[in-house]
Amino acid sequence: MTSCLILAAGEGTRLRPLTNIYPKGLISLLGKPLVSYQIDNLKASNIQNIAIVTGHKAEKFNKLNCKTFHNKFFDSTNMVESLFTARLFLEQAKSDIIISYGDIVYEKKNLETILNTNGDVVVMVDDGWLDLWSIRNDNPLNDAETLRYGTKGQIVELGRKPKSISEIEGQYTGLIKISRKKITDFITFYDQLDRSQFYEGRSFKEMYMTTFLQLLINAGWMIMPARVNNGWLEVDTIDDLKLYEKLSSEGKLDTFWKVNE
């Protein structure tokens with residue numbers, strides 16, 4: 001049975017003052033906490049084994065009745081360290097594992113796409129990202145990352161700062177699936193990394209998830225895309241929340257994400 005680990009340890013500084021009270025994953029979008037949207041879709045897809053990596057305002061997650069793992073160094077680490085705070089969850093997995101950022105929401109059909117895409121590691125990629133990024137930013141290259149495909153349809157590059165739209169063949173979304181047969185290798189790969197090195201200019205404990213995925217790619221792993229066209233949102237800033245609320249009030253949010261799907 002597929003499991004899911006939600007990474008929700010971050011402070012969400014760009015969502016202050018809301019995150020002075022709540023962790024980022026419990027910020028409300030259209031009247032409902034972000035992670036609650038995820039949990040509802042996961043359970044609707046028969047994924048019952050759900051755990052959350054907490055950090056900032058960790059106690060607020062208790063009401064969700066999910067298993068939790070606490071990253072006590074949340075203020076000085078990043079996604080990869082949060083992931084391996086829940087190492088035991090990975091090691092005990094009986095089937096595939098979904099790894100999800102805590103600041104995204106997605107439609108059930110997108111979840112089904114990643115569940116039904118074969119690969120040792122699968123990443124949900126949004127082909128329609130430019131429409132959303134164009135209204136979130138004056139320059140859509142702001143806060144976007146490179147993503148390129150290889151000759152077999154695999155991802156060969158992701159997570160770098162793009163110089164032009166042509167370097168972005170899709171947008172990484174923060175939703176990942178690791179096949180059960182590769183979980184042990186995934187953990188071993190992490191264990192064998194040099195803790196003294198810097199990775200894309202960041203210390204080992206501050207490494208981005210996209211950097212870790214790129215390291216896997218460089219080592220010969222086939223990272224496959226689960227390609228979608230919209231059907232998800234990320235919430236990084238107060239401006240994001242205001243934009244999504246405005247689009248919803250105007251009946252335009254469905255273009256990007258349908259609340260009840």
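The values are calculated or read from the model by the stated rules, or taken from the named source; none is laboratory data. Since the model is a prediction, treat every value here as computed from it, not as a measurement. Virtual Cβ from ideal backbone geometry, glycine too; neighbours counted across all protein chains shown. Remember, those area values only see protein heavy atoms, side chains included, never the ligands or the DNA or RNA. Shrake-Rupley method; radii C 1.70, N 1.55, O 1.52, S 1.80 Å.
Points to keep in mind about this one:
- A Cβ distance below 8 Å, combined with a sequence gap of six or more or placement on separate chains, defines the contacts here; from region 142-170, residues that are farther than 22 Å from TYR199 by Cβ and among the β-branched types (Val, Ile, Thr) reach residues that are at pLDDT below 95 and assigned to a loop (DSSP other than H, G, I, E, B) in the pairs ILE165/PRO140; ILE165/LEU141.
- Just one of the listed residues (ASP236, ASP240) is part of a helix (DSSP H, G or I), touching an Asp or Glu at 6+ places or on another chain (Cβ under 9 Å) and open to solvent by less than 70 Å² (accessible area, probe 1.4 Å), and it is ASP240.
- Scanning region 165-217 for residues that are part of a helix (DSSP H, G or I) and among the small types (Gly, Ala, Ser) yields one hit, SER166.
- Some residue of region 91-100 being modelled with pLDDT under 95, farther than 23 Å from MET222 by Cα, in contact with a helix residue (DSSP H, G or I) (Cβ under 7 Å, 6 or more places away or on another chain) and of a type outside the set (D, E, K, R): no
- Residue match in region 67-79 (condition: of a type in the set (Lys, Arg), touching a helix residue (DSSP H, G or I) at 6+ places or on another chain (Cβ under 9 Å) and assigned to a loop (DSSP other than H, G, I, E, B)): yes
- Reported count of residues in region 205-227, each being touching a Ser or Thr at 6+ places or on another chain (Cβ under 8 Å) and open to solvent by less than 10 Å² (accessible area, probe 1.4 Å), is 1.
- Of residues in region 131-146 being at pLDDT 90 or above and among the polar types (S, T, N, Q), the one most open to solvent (accessible area, probe 1.4 Å): SER134
- Boolean, VAL53 is modelled with pLDDT of 95 or more, buried (at least 19 other Cβ atoms within 10 Å of the Cβ), touching an Asp or Glu at 6+ places or on another chain (Cβ under 9 Å) and part of a strand (DSSP E or B): no
- Among the criteria (1) closer than 24 Å to LEU233 by Cβ; (2) open to solvent by 60 Å² or more (accessible area, probe 1.4 Å); (3) touching a residue at least 24 places away in the same chain (Cβ under 8 Å), the one GLY12 does not fulfil is (2).
- Residue within region 57-74 that is out of contact with any strand residue (DSSP E or B) (no Cβ under 7 Å at 6 or more places or on another chain), surrounded by fewer than 22 Cβ atoms within 10 Å (Cβ to Cβ) and touching a residue at least 60 places away in the same chain (Cβ under 8 Å) present: yes
- Scanning region 23-38 for residues that are in a helix (DSSP H, G or I) and either surrounded by fewer than 19 Cβ atoms within 10 Å (Cβ to Cβ) or small (Gly, Ala, Ser) (or both) turns up GLY25, SER36.
- Number of the exception - TYR149 against (1) among the hydroxyl-bearing types (Ser, Thr, Tyr); (2) in contact with a Gly (Cβ under 9 Å, 6 or more places away or on another chain); (3) surrounded by 20 or more Cβ atoms within 10 Å (Cβ to Cβ): (3)
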